[in-house]
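Report on the following structure.
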Amino acid sequence: LLDTMRQIEGELLLSLEAQKQDLDFQSFCKLHLITWLSKREDILDLYVRLTNGKLCSAASETHEQQLQRLIQQIQMQLKLDAQQFYAFLDAYQGRVELATVESMVHQLMDGFKAEASTLNLNLIGFARYFMNRNANACDLYWGEGRPLHDMNQPLAHYFIASSHNTYLTGNQLTGESSVDMYIQVLHLGCRCIELDCWDGEDGEPIIYHGHTLTSKISFRDVVIAIGQHAFATTHYPLILSLETHCSHLQQVCTWL
């Protein structure tokens, strides 16, 4: 299945390039779904097992037909109902209080359901659950609207939701760096983010994983994004972990 999706992804890109066509919205959605699924085998496998589903395609089908079938099966045929989702939370996530679990299930189903008239999660909705605050081990609220712990103790008394190499979208050797990653983790409630600072060629510092092939982004762009999104989710303090490799001159730039 994954080989098929990766082949379809490659051929779709080659087809668009050969025809010198712009990527329309429908093609973009197809490409995004296939690209995403090809990289998250764990979630795909878990979802199929939970729904007792089976993804398949006929050998005689064209790649376009295979793509349509896969999308249809994933989006329409495989649905995770409330009872199946409850079983997942109980077995995998360790939720033991039935009332709390049922409340969370209905809240999630309402936010991520596959159809407006049902309480079923499709695969995309199921994957989004893992990026939702209800799946966050460091979440303080659990949907109650108030902290469950005393939040007036010294900072060192708490576990802190932290992000290592925050800027990376992929691996630490050749992965892409992105300002968007800072925005994403801040909206997820992260309270400690990392900035690896190095000298930039234009006199201003850059951020990347030093001595590797990872791409480089502007320190200035990152701190602007942090300033705009630091407290989008929570008012608790934000820690900037600065790993500074800059010269004295460009270190000054980090504080301007």
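General observations
- Some residue of segment 183-190 being touching a strand residue (DSSP E or B) at 6+ places or on another chain (Cβ under 9 Å) and among the aliphatic types (A, V, I, L, M): yes
- For segment 151-167, filtered to residues that are surrounded by fewer than 17 Cβ atoms within 10 Å (Cβ to Cβ) and of a type in the set (A, V, I, L, M, F, W, C), the residue that is farthest from Leu242 (Cα to Cα) is Met151.
- Residue under evaluation Thr234, criteria (1) farther than 19 Å from Gln251 by Cβ; (2) at pLDDT 95 or above, criterion not met: (2)
- Of the helices (runs of 4 or more DSSP H) lying entirely inside segment 168-256, those carrying at least 2 residues that are open to solvent by less than 30 Å² (accessible area, probe 1.4 Å) and closer than 24 Å to Pro154 by Cα are 179-187.
The values are calculated or read from the model by the stated rules, or taken from the named source; none is laboratory data. All values reported here derive from a predicted model rather than from experimental measurement. Heads up, the Cβs are rebuilt from the backbone with ideal geometry, glycines too, and the neighbour counts pull from every protein chain shown. Protein only, heavy atoms only, side chains kept; ligands, DNA and RNA dropped before computing areas. Shrake-Rupley method; radii C 1.70, N 1.55, O 1.52, S 1.80 Å.
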